[in-house]
Amino acid sequence: MSTLEILGLSILALVILGGALGTVLSKNLVHSVLYLALVLVATAGLYARLSAGFLAGAQVLLYAGGVVTLAIFAVMLSARMEGGPIPNESGKRARAALVALAVAGLLSGVLLQAQITVPASVPVVDAAEIGRSFLGEYVLPFEVLSVLLVAAMIGAIAIARREDP
Amino acid sequence: MSEIHFCLLLAALLFAIGVFGLLTRRNAIGILLSVELMANAVNINLVAFSRVHGGATGQVFALFAIALTVAEVAVGLALVILLARTRKSIDVTQARDMHG
Amino acid sequence: MAEAPPPMNLQQLALAIPLLPLAAAALIGLVRPIGRRGGLAAVISIAAAAASLGCALALLSRTAEHFVLRVPWLPVGGRTLAEVGLRFDGISAPMLVVVGTVALMVQIYSVGYLSDEGAGPRGRYFTWQSLFLFAMQGFVLSPNLLQLFCFYELIGLCSYLLIGYYWERTSAGRAATKAFWITKLGDIGFLVGLLVAWTQYKSFDLETIQHALERGPLQSGAWILPALLFCGVASKSAQFPLHVWLPDAMEGPTPVSALLHAATMVAAGVYLLVSTSFLLAGAPEVSTVIMYVGAFTAVFAAIQGAVQHDIKRVLAYSTCSQLGLMVAAIGAGSVMAGYFHLVTHAFFKALLFLAAGSAIHAVHTNDLRQMGGLGRGMRWTGLFFGVGMLALAGIPPLSGFFSKELILGALEEHPVALALGLATTLMTPYYMGRAFLLAFTGKPRSQSAEHPHESGWLMRGPMLVLCLLAIVSGGFLWSFGRTIHEEAELHVSPVGFFGVGLALLGLGLAWMLHGPRKATIDALPKAVLEAARSSLVDNLYVFGWKHVLYVVAVVTAFFDRYIVDGLMNLLGWAGDKAGGALRRVQTGLAPDYVLALFLGLLALVAWGVWGGS
């Protein structure tokens, strides 16, 4: 890999990891959500680097657009119901850190032992290719997914609905 | 270490950070955000391997994962709002009804 | 074996002997409408006893066709641990007849004796009487030690029930309990003996053990089993020091005393000794001990009998003394002498008790000091008591003469025991004469003794039968003994005649001291009186109970409460504490559960990656 590529990747990695740390360590809930947005966008960049253009776009649209918006909404609404900004402290960091480190260690350990050969160049997977997969090999999960989305929508409405007095 | 290894390692670290957040955060939305991080890490993994093997499978699954996560967050946040409405607090340490 | 086919199978006859009274007991005891009607209960019980006796008599002439019936009962690991069965031979057959006869006579007598009791109590009485007959006959027919033990205990139970018949009297209840306890004490020895028997011979069956011993005597420890069995014998047959229950057992109705504590139950011990006498061949030390215990008991009890005021107690000590003679004879080596005396004693002692009962019934008291001159108004009773007395004294040609003859002959070679035996021979007619004379001759010493009424024929009839048996049974057995039991040896010895002389001397002494002219109550020296009336043995038992048994009980209780229960409590407490500690894992906090989830996940993955194969 060329130096530029390494640099690019490193920056992306730093942004991602830094944003993640911001999400979990921030004292302000809104800040946490915004850090998450940063992570999601940076990940989209990573996808692009990995020749997953369509996915990068979907990531930005759905995650950074949809999810983050939803999260902000929820934060505002809950704050209103709670009667003030939501406290965002964290507790029990030591043991959590231990577990997280263990997870990281385990996963990296396995990873670094693995032999993965990467072909030099691969055919680019574009939206058309993905579309063909959806309607071809993965048509069933695709249809089920649409049912799931409807169910989720209805479920969310049903749960959050205010009961009529 | 190749590019792919790098990405996979990154995903692992991101996952670990998500775990940390999951175990640490006291309010429900914070926990959901941590779960988001973990899901994101998984997606990175999927896309990286898609790059290795060629074909669309990895990306398709990543898309599925995104869609699922979106649905999950929607329902989760609906629950958070319900929680806030009924208990006037979304602090998970306050919900101790299962205390043995 | 080809004979004219018998009308009924031998086995069936033998089985009927104990089972008929059992059926009667069940009928009377369990079927309330029968048990409530005293008269009906009596009829059923007597009918069963009569039928049982009939079977026994039918079998008496056929002892040559002896058999042992064994039915496996407790199979253990491929082998049979315990069997149930019947033993019919020259030893059990005469005993069956004796027991059956005395039981039947006593039951008929009881109808008259208990005529003023209520119907319900009479139902109870006959239930226990029939149950006892079942137990006793079953005991006689038992072919193995375990079955003997079971029936032994059942006999003890019936004794308890019958002694305590007048349960409204505390003294009766206490006497019954005392009898039960003391006999149980000896039966512990019996029980341990069962264990020893199994260890040494791998069988409880008497024939098996006998054959084993014939093939080759035991290397060592041959004395253990007979010694332990003798503990059981001593308790049931009231040998010193386990004799203390017998005088108190007189609290029961007199027919009960006649049946159980004269003729049958106390004889069960001697019968056990007779049945297991083959064990003594290899244990001469035990034989000697048995002989001396018996001889000592004979004299000891005779002296006690001479100082009693209660007529039944005189007879009780007399029974104890005579049993001592039987035991001594067997210990000296002559099983035949002991067995013979068992039979004759059953008849004349039962007769004596029934006659005493008749007198008691007329005068409403047991006390000799309040009797006197009863012979005038109760000729028959006086006659019966007199005949019984003479038989017991051993005056020829009454039955007691023959059996006592044999006993003294058996003791010939053992001077000390012989001396004790002869002393008994002197004392026995003395105390019997005293009792007879004080009760039936002289002047009446109380109001109720002035006009006694003779008993009805319900009571006189059985007495008459027993009287006749007391007269002839000795000569009868002497002549025909060999047809019943092949090994019967009956011979005359000069010591026997010396015994007759002593008997006459004793009677004379009694006449002089307690006859109608002088009629003193207590003629023995003061010191003897004091010593005989002391309750030393009883006090020793009480001491043992309070200080020895109690300590053992305390220790055992401590062990049970703190160690055994403590272990259980410890387990419970540990479980509780562990639960309490583990409970803290369930905090109710979602993050904690998630942590647990991840820890488990880590463990699984680590195991999957680095563990496993």
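The values are calculated or read from the model by the stated rules, or taken from the named source; none is laboratory data. As the structure is a computational prediction, the values presented were derived from the model and not from experiment. Neighbour counts run over all protein chains shown; Cβ positions are idealised from the backbone, glycine included.
Things worth noting here:
- Meets criteria (surrounded by fewer than 18 Cβ atoms within 10 Å (Cβ to Cβ) and in contact with a helix residue (DSSP H, G or I) (Cβ under 8 Å, 6 or more places away or on another chain)) for C:Glu413: yes
- Taking the numbered list (1) touching a residue at least 60 places away in the same chain (Cβ under 8 Å); (2) out of contact with any strand residue (DSSP E or B) (no Cβ under 7 Å at 6 or more places or on another chain); (3) within 13 Å of chain C (Cβ to nearest Cβ); (4) crowded, with 21+ Cβ neighbours inside 10 Å in turn, B:Ile90 passes all entries but (2).
- Looking across A:Ala97, A:Ala152, A:Ala156, one residue alone is outside the structural domain of A:Leu25 (by TED's automatic domain parsing), surrounded by 14 or more Cβ atoms within 10 Å (Cβ to Cβ), closer than 26 Å to B:Ala11 by Cβ and at pLDDT 90 or above. It is A:Ala152.
- Applying a threshold of 7 Å to beta carbon distances and a minimum spacing of six or more residues, or different chains, the list of pairs starting in region C:171-186 at a residue that is assigned to a helix (DSSP H, G or I) and ending at one that is of a type in the set (S, T, N, Q) reads C:Ala179/C:Ser159; C:Ile182/C:Ser235; C:Thr183/C:Ser235; C:Leu185/C:Ser235; C:Gly186/C:Ser235.
- Residues in region A:69-83 that are within 9 Å of another protein chain (Cβ to nearest Cβ) and in a helix (DSSP H, G or I): A:Leu70, A:Ala71, A:Phe73, A:Ala74, A:Val75, A:Leu77, A:Ser78, A:Ala79, A:Arg80, A:Met81, A:Glu82.
- As for region A:51-67, it holds no residue that is without any contact (Cβ under 8 Å) to a residue 24 or more places away in the chain, in the same structural domain as A:Leu17 (by TED's automatic domain parsing) and not in a helix (DSSP H, G or I).
- When restricted to residues that are more than 9 Å from chain B (Cβ to nearest Cβ) and assigned to a helix (DSSP H, G or I), region A:111-130 contains 3.
- Qualifying residue in region A:91-103 (condition: outside any helix (DSSP H, G or I) and closer than 30 Å to C:Leu604 by Cα): yes
- When C:Met265, C:Met326 are checked against the criterion of being hydrophobic (A, V, I, L, M, F, W, C) and more than 30 Å from C:Tyr166 (Cα to Cα), a single residue qualifies: C:Met326.
- Test result for C:Leu53, in contact with a helix residue (DSSP H, G or I) (Cβ under 8 Å, 6 or more places away or on another chain), of a type in the set (A, V, I, L, M, F, W, C) and over 23 Å from C:Gln129 (Cα atoms): no
- When each of B:Leu9, B:Leu82, B:Leu13, B:Leu77 is tested for being facing another protein chain (nearest Cβ under 7 Å), part of a helix (DSSP H, G or I) and buried (at least 24 other Cβ atoms within 10 Å of the Cβ), the lone residue that passes is B:Leu77.
- Extreme residue, farthest from B:Val75 (Cα to Cα), among residues of region A:138-152 that are more than 7 Å from chain B (Cβ to nearest Cβ) and hydrophobic (A, V, I, L, M, F, W, C): A:Val139
- Region A:1-22, residues that are within 9 Å of chain B (Cβ to nearest Cβ) and assigned to a loop (DSSP other than H, G, I, E, B): A:Met1
- Subset of region C:202-211 (residues that are part of a helix (DSSP H, G or I) and surrounded by 19 or more Cβ atoms within 10 Å (Cβ to Cβ)): C:Leu206, C:Ile209
- The number of residues in region C:146-170 that are modelled with pLDDT under 90, of a type in the set (Phe, Trp, Tyr) and either in a helix (DSSP H, G or I) or touching a strand residue (DSSP E or B) at 6+ places or on another chain (Cβ under 8 Å) (or both) comes to 1.
- Wholly within region C:534-613, helices (runs of 4 or more DSSP H) carrying at least 1 residues that are in contact with a Leu (Cβ under 8 Å, 6 or more places away or on another chain) and within 21 Å of A:Leu98 (Cα to Cα): C:590-610
- Flag if A:Ser90 is within 7 Å of chain B (Cβ to nearest Cβ) and either within 24 Å of B:Ile4 (Cβ to Cβ) or modelled with pLDDT of 90 or more (or both): no
- Matching helices (runs of 4 or more DSSP H) fully within region C:243-295 where at least 3 residues are among the aliphatic types (A, V, I, L, M) and either at positive phi or under 12 Å from the mean Cα position of the chain (by Cα) (or both): C:265-275
Let's see how each residue does on (1) outside any helix (DSSP H, G or I); (2) modelled with pLDDT of 90 or more:
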residue: C:Gly90; (1), (2): yes, no
residue: C:Val99; (1), (2): no, yes
residue: C:Met105; (1), (2): no, yes
residue: C:Arg122; (1), (2): no, no
residue: C:Tyr125; (1), (2): no, no
residue: C:Met136; (1), (2): no, yes
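Matching residues to (1) under 20 Å from A:Leu50 (Cβ atoms); (2) without any contact (Cβ under 8 Å) to a residue 12 or more places away in the chain; (3) of a type outside the set (A, V, I, L, M):
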{"position": "B:Ser2", "(1), (2), (3)": "yes, yes, yes"}
{"position": "B:Asn27", "(1), (2), (3)": "no, no, yes"}
{"position": "B:Gly30", "(1), (2), (3)": "no, yes, yes"}
{"position": "B:Asn45", "(1), (2), (3)": "yes, no, yes"}
{"position": "B:Leu63", "(1), (2), (3)": "yes, yes, no"}
{"position": "B:Leu77", "(1), (2), (3)": "no, no, no"}
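- Out of A:Ser78, A:Ser2, A:Ser10, A:Ser51, one residue alone is polar (S, T, N, Q) and within 21 Å of B:Thr24 (Cβ to Cβ). It is A:Ser78.
- Taking the criterion of being out of contact with any His (no Cβ under 7 Å at 6 or more places or on another chain), within 14 Å of another protein chain (Cβ to nearest Cβ), surrounded by 11 or more Cβ atoms within 10 Å (Cβ to Cβ) and small (Gly, Ala, Ser), the only residue of region C:556-590 that qualifies is C:Ala590.
- Matching residues in region A:23-36 - criterion: being surrounded by fewer than 19 Cβ atoms within 10 Å (Cβ to Cβ) and either in a helix (DSSP H, G or I) or charged (D, E, K, R) (or both): A:Leu25, A:Lys27, A:Val30, A:His31, A:Leu34
- C:Lys178 vs. criteria of a type in the set (D, E, K, R), in contact with a Gly (Cβ under 9 Å, 6 or more places away or on another chain) and closer than 30 Å to C:Ala306 by Cα: no
- For region B:16-35, the tally of residues that are hydroxyl-bearing (Ser, Thr, Tyr) and outside any helix (DSSP H, G or I) stands at 0.
- Checking the stated criteria, B:Ala48 turns out to be among the small types (Gly, Ala, Ser), more than 29 Å from A:Ala151 (Cβ to Cβ) and either more than 7 Å from every other protein chain (Cβ to nearest Cβ) or surrounded by 22 or more Cβ atoms within 10 Å (Cβ to Cβ) (or both).
- Subset of region A:131-149 that is in a helix (DSSP H, G or I) and touching a helix residue (DSSP H, G or I) at 6+ places or on another chain (Cβ under 8 Å) - its residue that is surrounded by the fewest Cβ atoms within 10 Å (Cβ to Cβ): A:Leu135
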